[in-house]
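Report on the following structure.
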Amino acid sequence: MNRLDFIKLEDLFFEYKKDKPIINNINLKINKDEVTTILGPNGSGKTTLGKLMIGILKPKSGQISISNRNISEFRLAQIGGKIGYLFQNPEKHFFTNTVEEELGFALKFKGFNDEYLEKKVDGLLKLFQIEDLREYSPLLLSQGEKQRLAIATILMNEPEYLILDEPTTGLDFDRKNILIQVLKELMEKGVGMTIISHDNTFVEELSHRVIKIHRGEITYDQRI
Ligand SMILES: Nc1ncnc2c1ncn2[C@@H]1O[C@H](COP(=O)(O)OP(=O)(O)OP(=O)(O)O)[C@@H](O)[C@H]1O
Ligand SMILES: [Mg+2]
């Protein structure tokens, strides 16, 4: 398989409302074993593009494929098993009553044993410094805590690829550095990622490729 073809977007168009194109003829091949950063001003279509890439939104025209298979051949849950997706609004992730349940939920559902689960949950709680919050309701956490919980929840699943929409929103300097370190370690283990961000730190610290979009079009695409 061509290493550039993990996620392939061809002649992609999308609009929420008629005659108001948000994604305008995007052609893009995303490589699995590198970090791609997508930059662009507010409203340029970054989140929309991310949602198209994992099939939450359907294009008006054009093709999307993952691992050389058309995205329509996958169920959303299958894509979710391969690609961990962080929503720009972390609250979209939460549907249980406590931080601990939130982390354990997906794997418990898949039948993993309790001992394995506990160890994994503990590890991620510590890594993201939210171990004192295990009994708290996810919805009552601070924004930075929600963000870290959402990322930890995604990592529970051990996805092979990550798409993170503004992962540093609400994170202070130290927590941002911890996140960057975690992402670097995942990268070294071979987990590729697309990071949608306003934060130049990612470009400097992690990215192999920078893509800029403006009004739904790619205006810049360089490896660095
Ligand atoms: N559900 C929706 N219905 C109608 N218009 C929408 C919807 N979601 C987004 N839009 C519009 O689509 C455009 C692109 O939005 P999108 O969220 O993709 O931008 P973005 O680049 O992620 O912005 P930001 O940097 O603020 O996160 C914006 O003009 C937005 O108002
Ligand atoms: Mg956005």
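Would you mind stating whether Gly84 is surrounded by 20 or more Cβ atoms within 10 Å (Cβ to Cβ), away from ligand 1 (no atom under 16 Å from the Cβ) and not aliphatic (A, V, I, L, M)? Working first, answer last.
Values: surrounded by 20 or more Cβ atoms within 10 Å (Cβ to Cβ): yes; away from ligand 1 (no atom under 16 Å from the Cβ): yes; not aliphatic (A, V, I, L, M): yes.
Yes: the conditions hold for Gly84.
Among the residues of region 51-73, is there at least one that is touching a residue at least 60 places away in the same chain (Cβ under 8 Å), out of contact with any His (no Cβ under 9 Å at 6 or more places or on another chain), in a loop (DSSP other than H, G, I, E, B) and buried (at least 18 other Cβ atoms within 10 Å of the Cβ)?
Applying the first criterion (touching a residue at least 60 places away in the same chain (Cβ under 8 Å)) to region 51-73 yields 53-54, 65-68.
Next cut, out of contact with any His (no Cβ under 9 Å at 6 or more places or on another chain) only: 53-54, 65-68.
Imposing the further condition that a residue be in a loop (DSSP other than H, G, I, E, B) reduces the set to 54, 67-68.
Cutting the leftovers down to buried (at least 18 other Cβ atoms within 10 Å of the Cβ) gives us 54.
Yes.
Just for region 31-50: of the residues that are within 13 Å of ligand 1 (Cβ to nearest atom) and either farther than 26 Å from Thr201 by Cα or aliphatic (A, V, I, L, M) (or both), which one is surrounded by the fewest Cβ atoms within 10 Å (Cβ to Cβ)?
Leu39
Please give the helices (runs of 4 or more DSSP H) falling wholly within region 131-224 in which 3 or more residues are touching a residue at least 24 places away in the same chain (Cβ under 8 Å) and not aliphatic (A, V, I, L, M).
Values: elements: 143-156, 173-188, 200-205.
Of the helices (runs of 4 or more DSSP H) lying wholly inside region 131-224, those with at least 3 residues that are touching a residue at least 24 places away in the same chain (Cβ under 8 Å) and not aliphatic (A, V, I, L, M) span 143-156, 200-205.
Which number in (1) in a helix (DSSP H, G or I); (2) in contact (Cβ under 8 Å) with a residue 24 or more places away in the chain; (3) within 19 Å of the chain's Cα centre (by Cα) marks the one condition that Ala77 misses?
With (1) in a helix (DSSP H, G or I); (2) in contact (Cβ under 8 Å) with a residue 24 or more places away in the chain; (3) within 19 Å of the chain's Cα centre (by Cα) applied to Ala77, the lone miss is (2).
Among the candidates Glu102, Glu91, Glu73, Glu115, which residue alone is touching a helix residue (DSSP H, G or I) at 6+ places or on another chain (Cβ under 6 Å) and either acidic (Asp, Glu) or within 16 Å of ligand 2 (Cβ to nearest atom) (or both)?
Working: Glu91 fails: touching a helix residue (DSSP H, G or I) at 6+ places or on another chain (Cβ under 6 Å); Glu73 fails: touching a helix residue (DSSP H, G or I) at 6+ places or on another chain (Cβ under 6 Å); Glu115 fails: touching a helix residue (DSSP H, G or I) at 6+ places or on another chain (Cβ under 6 Å).
Going through Glu102, Glu91, Glu73, Glu115 in turn, just one is touching a helix residue (DSSP H, G or I) at 6+ places or on another chain (Cβ under 6 Å) and either acidic (Asp, Glu) or within 16 Å of ligand 2 (Cβ to nearest atom) (or both): Glu102.
Somewhere in region 27-41, is a residue assigned to a loop (DSSP other than H, G, I, E, B), within 13 Å of ligand 2 (Cβ to nearest atom) and more than 26 Å from Glu188 (Cβ to Cβ)?
Taking region 27-41 as the starting set, the residues that turn out to be assigned to a loop (DSSP other than H, G, I, E, B) are 31-34, 40-41.
Keeping just the survivors that are within 13 Å of ligand 2 (Cβ to nearest atom) gives 40-41.
Add one more test, that the residue is more than 26 Å from Glu188 (Cβ to Cβ), and what stays is 40-41.
Yes, the conditions are met somewhere in region 27-41.
Restricting to region 1-30, name every residue that is buried (at least 18 other Cβ atoms within 10 Å of the Cβ) and in contact with a Lys or Arg (Cβ under 6 Å, 6 or more places away or on another chain). Step through it out loud before you land on a result.
If we filter region 1-30 for residues that are buried (at least 18 other Cβ atoms within 10 Å of the Cβ), which is where we start, we get 6-9, 12, 14, 22-23, 26, 28, 30.
Hits for region 1-30 are Phe6, Lys8, Phe14.
Tally time: how many residues in region 124-182 are within 16 Å of ligand 1 (Cβ to nearest atom) and surrounded by fewer than 19 Cβ atoms within 10 Å (Cβ to Cβ)?
Residues meeting the conditions: 3.
Every read-out reported here was derived from the displayed coordinates using simple, explicitly stated rules and does not represent laboratory data. Not measured: the values here are computed from a predicted model. So basically every Cβ, Gly included, is an ideal-geometry build from the backbone, and we count neighbours across all protein chains shown.
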